Amino acid sequence: MRDYYEILGVSKQASSDELKKSYRKIAMKYHPDKNPNDKEAEVKFKEAAEAYAVLSDDQKRQQYDQFGHAGVNSGGGPGFQGGMSMEDIINSFGDIFGDGFDPFGGIFGGGRSSRIKKARDLKVNLKLSYTDIYSGVSKTIKIKRLEHCNSCSGSGAKQGTMPVSCGQCNGAGQVRQVSQSFFGQSVSVRECPVCSGSGQTIQNPCNSCGGSGLHRKTVEIKIKVPSGVSAGNYMTLNQQGNKGPKGYQSGDLIILFEEEEHPIFNRNGEDVITEAVLQFYDAAKGTTLEIPTLEGKAKLKIPAGIQSSQVLRMRGKGFPRMRGSSRGDQLVRIHVETPQKISSKQSKLLEEFEKLNKNSEVVYRRINLD
């Protein structure tokens, strides 16, 4: 078994304030809420609690300094290996974090019981066109969410009846459990398993909702989608999700954006990508094209002699950036098309062109393989 001073990282002359500061740091680092399903962190958390339990008690510390582990284990409680739970540790040492300071969101002391319960969030997907994304759009969406039952007004009780006080917790919503531990007697407070913390039970359930107090209803929600969003972005509407039992805060509505496939455009971040198929004579002599963009057609000059797979950039013709006022670009990849069939007249013209072309020999190049 490791030395208690070593576990807390302090000297044998450490003051009570130094012990508290060191234990507080270790407890925050290895707390189960910060390290879910981490057995090693759980062991270190329990080790630190056991060490602090002994060294923070003057009498136990004196016995430990004189006799080691034997001085505090003989005739004592069962220790951590004897059934000490994580919640027992938290209830015993929550006060070392000080009044008003709760690094774990209310898990120490009485924070758990006073926390407002929240109903489940509702997640929906919304497909957007490239036009919607480019300009931003207002939409009305239909969703199915849990609402309070009209028949019982969310109480869950049959009309003409009311929920009654829970017999298990006497309406408190919590039950107290006393247990013997390494520290002596420990009192833990837990949510009542019978009423799930509501303090009430239903003897005559509502016929419409079966006692849940909830039913599913289709509602319309108006939203404004900003320009520049992309697939995977989401919007959260606070308390617009599912309703919960009486006393619960409504869940949030989370709208996950998806992108509809565009017939000629693809997207890479804020840039828009498309391909222009040119006839070989336009590629050879150059031309000016009217290229479709997200905001209408725009002219693009094609330089003479352009080759397949070359990319031309139209600056500022892409999607708006979410942060800032600038826009991405539109990238136009060129594909030079060779006709598969030609007429005899076209063939003669090409033969004439070949005679005039001084660089008609085939050139061979090495290909680098990935």
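Taken together, the values in this text are just the output of simple stated rules run on the coordinates, not laboratory data. Every value quoted in this text rests on a predicted model; they were computed, and no experiment measured them. Neighbour counts run over all protein chains shown; Cβ positions are idealised from the backbone, glycine included.
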* Using amide H atoms built 1.01 Å from N in the peptide plane, name the residues 5+ places from residue 302, or on other chains, whose amide H lies under 5 Å from its own. => 287, 288, 289
* Which far-off residues, 5 or more places away or on another chain, put their amide H under 5 Å from the one on residue 249, with H placed in the peptide plane? -> 117, 118, 119
* To do: Report ³J(HN,Hα) in whole Hz for each residue of segment 119-124, in order, from the Karplus equation J = 6.51 cos²θ - 1.76 cosθ + 1.60 where θ = phi - 60°; Gly and Pro get x.
  => 6, 5, 5, 10, 10, 9
* To do: State the antiparallel share, in %, of DSSP beta bridges confined to the chain, rounding to the nearest 5.
  => 70 percent
* Structure fact -> A correct Karplus calculation of ³J(HN,Hα) over segment 18-34, with 6.51 cos²θ - 1.76 cosθ + 1.60, θ = phi - 60°, whole Hz and x for Gly and Pro, returns 5, 4, 4, 4, 5, 5, 4, 5, 5, 4, 5, 5, 10, 4, x, 5, 8
* Structure fact -> For the pair residue 258 and residue 13, the simple spin-label estimate (label points 7 Å beyond Cα toward Cβ) gives in nm 6.9 nm
* Using the Karplus curve 6.51 cos²θ - 1.76 cosθ + 1.60 with θ = phi - 60°, work out ³J(HN,Hα) for each residue of segment 45-56 in order, rounded to whole Hz, and write x for Gly and Pro. => 5, 5, 4, 5, 5, 5, 4, 5, 4, 7, 6, 7
* To do: Only one of the values (1) -0.66, -0.89, -1.10; (2) -0.25, -0.53, -0.93; (3) -0.46, -0.79, -1.14 was calculated from this structure for log10 I(q)/I(0) by the Debye sum over Cα atoms at q = 0.07, 0.10, 0.13 Å⁻¹; name its label.
  => (1)
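Provide the gained length on full extension for the span residue 338 to residue 120, in nm with one decimal, where the gain is 0.36 nm per separating residue minus the Cα-Cα distance.
Numbers: separation 218, 0.36 × 218 = 78.48 nm, distance 5.93 nm.
Separation in residues times 0.36 nm, less the Cα-Cα distance, equals 72.5 nm.
Using only Cα atoms, what Kirkwood radius does segment 183-235 have, in angstroms?
Working: mean 1/r = 0.0588 Å⁻¹.
After inverting the pairwise mean of 1/r, the radius is 17.0 Å.
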* Toward the positive end of the charge dipole of the chain, about the Cα centre and with charges on Cβ (Lys, Arg +1; Asp, Glu -1), which of 55, 45, 279 goes farthest? -> 279
* Sequence-distant residues sharing a close amide H with residue 318 (under 5 Å, placed H) -> 328, 329, 330
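Between their Cα atoms, which of 34/224; 25/123; 39/117; 39/246; 20/118 are more than 30 Å away from each other?
From 34/224; 25/123; 39/117; 39/246; 20/118, over 30 Å: 34/224; 25/123; 39/246; 20/118.
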* Asked: Using alpha carbon coordinates only, what is the Rg to Rh ratio of segment 183-316, with Rh defined as the Kirkwood radius?
  -> 1.36
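Quick one: if the Förster radius is 30 Å, what FRET efficiency do residue 369 and residue 127 give, using the C-beta to C-beta distance and rounding to 0.05?
0.15
Over all distinct alpha-carbon pairs, what is the Kirkwood Rh of segment 266-356 in angstrom? Write out the running numbers ahead of the final one.
Values: mean 1/r = 0.0670 Å⁻¹.
Final number for the Kirkwood radius of segment 266-356 is 14.9 Å.
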